[in-house]
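The structure appears below as structure tokens.
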Amino acid sequence: MELAAETKAMLEDKAKRIRRHIVSMLAEAGSGHPGGSLSIADIVTALYFQVMKVDPARPDWEERDRFVLSKGHACPVLYAALAERGIFPVEELKTLRKINSRLQGHPDMKKTPGVEMSTGSLGQGLAAANGMALAGKLDKKDYRVYVVLGDGEINEGMIWEAAMAAAHYGLDNLTAFLDFNGLQIDGSIREVMNSEPLPEKWAAFGWNVLTIDGHDFGEIIAAVEKAKETKGRPTMIVANTVKGKGVSFMENQVGWHGNAPSKEQAEQALAELA
Amino acid sequence: MTEKIATRDAYGKALAELGRTNPDIVVLDADLSKSTKTAVFGAEFPGRFFNMGIAEANMIGTAAGLAAAGKIPFASTFAVFATGRAFDQVRNSVCYPQLNVKIAATHAGLTVGEDGASHQSVEDIALMRALPGMTVIVPADGVETRLAVQAAAAYKGPVYLRLGRPKVPVIFGDDYRFEIGKAALLQEGKDVTIVACGYMVGEALAAAETLAGEGVEARVLNMSTIKPIDTEALVKAARETGALVTAEEHNIIGGLGGAVAEVLAEECPVPIYRVGIRDTFGESGSPGDLLKKYGLTAADIVEAAKKAMAKK
Ligand SMILES: Cc1ncc(C[n+]2csc(CCOP(=O)(O)OP(=O)(O)O)c2C)c(N)n1
Ligand SMILES: [Mg+2]
């Protein structure tokens with residue numbers, strides 16, 4: 001899909017700001033997960049700045065679209081998006097992972113405005129998203145539910161229980177993204193526990209499956225639009241991504257899954273994201 | 001300066017050591033082998049190491065099958081996931097058939113730190129302790145971890161080993177003899193007894209030192225086996241010191257404090273105060289900040305000891 005030039009420029013600018021926040025907040029925290037945060041920065045940006053109905057003044061507005069970050073360790077990207085969207089002050093990003101902070105190491109819906117579900121134990125977010133989608137149907141609301149899964153995360157059996165249920169209940173108000181960055185913690189997904197073939201598996205479970213470049217805003221938004229038009233089935237958008245995207249020395253490096261950059265590394269990363 | 005080593009590091013080394021003499025030892029992990037340190041075993045014995053991916057329930061179920069076919073599986077991941085995510089597999093596939101599975105879980109308690117509440121197990125001892133036939137061991141240092149790993153491998157039946165993320169001081173010398181079910185007397189005393197496990201043993205010793213400065217002689221027991229618990233040592237401590245404090249990096253419900261209170265209520269009731277997490281989830285923060293905020297320091301043990309003694 002061809003996006004209007006100004007929309008594209010706006011999204012690119014937001015994504016860059018979000019990536020810069022990710023680098024800065026992790027360097028400040030001294031721990032956390034840069035790789036999987038950066039790999040979904042474009043998807044999360046598209047959702048919060050183009051796709052989803054949200055009202056920054058009322059994070060709990062009943063009609064809002066819901067976003068569940070099932071791969072909860074990537075929460076720096078979510079916090080950065082919520083702050084940029086005006087749901088809490090950008091200043092607060094500095095408190096990530098510190099004692100008494102509202103910004104926990106993994107998403108905490110009781111502490112952070114705009115966080116829809118507490119996650120961090122991998123594999124549980126899709127079921128929660130299903131529940132929100134079922135409630136939307138019961139209440140005859142037209143909000144939509146978005147969820148992001150990791151390609152390592154889907155090793156969990158519970159993901160496939162939820163995959164079955166979403167198709168069984170025809171949750172066409174549910175759209176999932178699979179962050180296909182090819183890496184988990186102990187190595188590549190092919191080495192550790194091969195979850196491929198991905199589109200075929202989701203199709204076999206009864207989902208509408210789309211495959212995109214997860215760093216192309218036109219493709220992300222076009223896929224979301226197709227999902228909205230699809231009736232009777234949930235949609236899985238398999239997004240080909242690069243773990244660590246945007247920071248040259250982090251890209252495709254398994255070692256950057258769960259290590260924070262040093263001050264010097266953060267400076268280099270910020271220079272690249274200038 | 002005292003040497004410091006994380007119990008998870010001692011675990012990784014002890015496993016590899018065991019692998020060299022016992023070909024039946026097999027190891028499973030759930031995509032955390034660099035953190036749990038099973039990667040040390042995996043590097044040396046790739047054929048006997050199975051990375052199950054992020055699938056803890058499947059890992060425990062597979063371990064049960066390996067044990068049923070004669071292997072001695074050690075299965076590792078973080079304590080929250082090993083005991084919580086795979087609870088029914090531990091219950092119905094491991095404990096019910098009494099299979100020879102060793103669950104060695106790391107990153108237990110608040111000292112996980114910045115990852116926050118989703119990753120901090122405050123309930124794992126309680127869960128494992130309530131399972132019939134499960135042995136529960138919480139080693140205090142690297143030396144005891146190595147011996148506990150060896151003892152677990154030699155023992156036939158399910159064992160839960162609770163290990164930590166941070167470096168902790170080495171308490172025991174090379175002459176230490178570990179036995180499942182036996183408490184270790186770390187310091188003699190007649191006024192009050194501090195019963196501790198895991199990370200809190202270091203804090204208990206520091207508390208005893210502070211108390212000594214105030215003329216209070218505190219006995220310190222390292223209760224590394226929480227199940228079966230050393231009833232004899234507890235009853236002796238209750239009789240001889242008349243008041244107890246328990247100290248654990250776990251909910252005060254269902255863990256060491258619960259176990260001690262259960263035994264002494266029946267066998268020799270004395271005042272007991274429990275130092276531990278007061279029935280709440282943790283949060284993100286440095287281990288030091290968290291231990292302070294949640295009342296798990298030597299100073300908290302000192303205060304509890306005074307309260308217990310005042311009730312004598
Ligand atoms: C149930 C559970 N098991 C293990 C972990 C530890 N863990 C955190 S991230 C991760 C790897 C995730 O890989 P993937 O889903 O591919 O994430 P990404 O590459 O997008 O960062 C693991 C094993 C966890 N958080 N939850
Ligand atoms: Mg991945």
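Return yes or no: is B:SER286 within 14 Å of chain A (Cβ to nearest Cβ) and modelled with pLDDT of 95 or more? Answer is yes for this residue. Just so you know, in segment A:128-152 the residues that are within 13 Å of ligand 1 (Cβ to nearest atom) and assigned to a loop (DSSP other than H, G, I, E, B) include one that is farthest from the chain's Cα centre (by Cα), and it is A:GLY152.
For (1) touching a strand residue (DSSP E or B) at 6+ places or on another chain (Cβ under 7 Å); (2) of a type in the set (S, T, N, Q); (3) outside any loop (DSSP other than H, G, I, E, B), each residue gets a yes or a no:
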| position | (1), (2), (3) |
| --- | --- |
| A:ALA74 | no, no, yes |
| A:TYR79 | no, no, yes |
| A:ILE87 | no, no, no |
| A:ARG97 | no, no, no |
| A:LEU103 | no, no, no |
| A:ASP108 | no, no, no |
| A:THR119 | yes, yes, no |
| A:LEU126 | yes, no, yes |
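Scanning segment A:244-274 for residues that are farther than 19 Å from A:SER31 by Cβ and either without any contact (Cβ under 8 Å) to a residue 12 or more places away in the chain or of a type in the set (Ser, Thr, Tyr) (or both) yields a total of 4.
Looking across segment A:254-271, the residues that are crowded, with 16+ Cβ neighbours inside 10 Å and within 16 Å of ligand 2 (Cβ to nearest atom) come down to A:VAL254, A:TRP256, A:HIS257, A:GLY258, A:ASN259. One residue stands out in segment B:1-28 among those that are among the charged types (D, E, K, R) and more than 17 Å from B:ALA153 (Cα to Cα): the one that is farthest from the chain's Cα centre (by Cα), namely B:GLU3. Let me spell it out: the conditions are (1) within 14 Å of chain B (Cβ to nearest Cβ); (2) open to solvent by 30 Å² or more (accessible area, probe 1.4 Å); (3) free of Cβ contacts under 8 Å to residues at least 24 places away in the same chain; (4) not aliphatic (A, V, I, L, M), and A:LYS98 meets all of them except one. Which number is the exception? In the conditions (1) within 14 Å of chain B (Cβ to nearest Cβ); (2) open to solvent by 30 Å² or more (accessible area, probe 1.4 Å); (3) free of Cβ contacts under 8 Å to residues at least 24 places away in the same chain; (4) not aliphatic (A, V, I, L, M), A:LYS98 misses (3) alone. Comparison of B:GLY84, B:GLY109, B:GLY133 shows that the only residue that is touching a strand residue (DSSP E or B) at 6+ places or on another chain (Cβ under 8 Å), in the same structural domain as B:TYR155 (by TED's automatic domain parsing) and under 22 Å from B:GLY61 (Cβ atoms) is B:GLY84.
Counting residues in segment A:215-235 that are farther than 21 Å from A:HIS33 by Cα and within 15 Å of ligand 1 (Cβ to nearest atom) gives zero. Summed over segment A:141-186, the residues that are aliphatic (A, V, I, L, M), under 18 Å from A:VAL238 (Cβ atoms), open to solvent by 10 Å² or more (accessible area, probe 1.4 Å) and within 14 Å of chain B (Cβ to nearest Cβ) give a count of 1.
Okay, residues lined up against (1) under 19 Å from A:LYS71 (Cβ atoms); (2) in a helix (DSSP H, G or I); (3) more than 16 Å from the chain's Cα centre (by Cα); (4) aliphatic (A, V, I, L, M):
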| residue | (1), (2), (3), (4) |
| --- | --- |
| A:ILE154 | yes, yes, no, yes |
| A:TRP160 | yes, yes, yes, no |
| A:GLU196 | yes, no, yes, no |
| A:GLY206 | no, no, yes, no |
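Restricting the first member to segment A:186-209 and to residues that are more than 11 Å from ligand 1 (Cβ to nearest atom), and the second to residues that are among the aromatic types (Phe, Trp, Tyr), the beta-carbon pairs closer than 8 Å and six or more apart or on different chains are A:LEU198/A:PHE180; A:PHE205/A:TRP160; A:VAL209/A:TRP202. Inspection of segment B:224-244 identifies no residue that is open to solvent by 60 Å² or more (accessible area, probe 1.4 Å), farther than 12 Å from B:CYS197 by Cα and in contact with a helix residue (DSSP H, G or I) (Cβ under 6 Å, 6 or more places away or on another chain).
The residue list A:ASP172, A:ASP186, A:ASP179, A:ASP142 contains one member that is closer than 22 Å to A:GLU116 by Cβ and within 15 Å of ligand 2 (Cβ to nearest atom), which is A:ASP179.
Can you tell me which residue in segment B:249-286 is surrounded by the fewest Cβ atoms within 10 Å (Cβ to Cβ), limited to those that are farther than 10 Å from B:VAL122 by Cα and of a type in the set (Asp, Glu)? Per the stated criteria, the residue is B:GLU266.
On the basis of being over 13 Å from the mean Cα position of the chain (by Cα) and within 16 Å of ligand 1 (Cβ to nearest atom), does A:LEU26 make the cut? For A:LEU26, the condition - over 13 Å from the mean Cα position of the chain (by Cα) and within 16 Å of ligand 1 (Cβ to nearest atom) - is met. Residue check: B:ASN92 meets all listed conditions (1) more than 14 Å from chain A (Cβ to nearest Cβ); (2) open to solvent by 10 Å² or more (accessible area, probe 1.4 Å); (3) in contact (Cβ under 8 Å) with a residue 60 or more places away in the chain but one, namely (3). For B:LEU290, the conditions (1) under 30 Å from B:VAL159 (Cβ atoms); (2) open to solvent by 20 Å² or more (accessible area, probe 1.4 Å) are fulfilled apart from (2). Taking the criterion of being within 14 Å of ligand 1 (Cβ to nearest atom), more than 11 Å from A:ASP179 (Cβ to Cβ) and either touching a strand residue (DSSP E or B) at 6+ places or on another chain (Cβ under 6 Å) or open to solvent by 10 Å² or more (accessible area, probe 1.4 Å) (or both), the residues of segment A:31-67 that qualify are A:SER31, A:HIS33.
The values are calculated or read from the model by the stated rules, or taken from the named source; none is laboratory data. Just so it is clear, the structure is predicted and the values come from calculations on it, not from any experiment. Note: ideal-geometry Cβ built from the backbone for every residue, glycine included; neighbour counts use all protein chains shown. Calculation scope for accessible area: heavy atoms of the full protein, side chains included, ligands and nucleic acids excluded. Shrake-Rupley method; radii C 1.70, N 1.55, O 1.52, S 1.80 Å.
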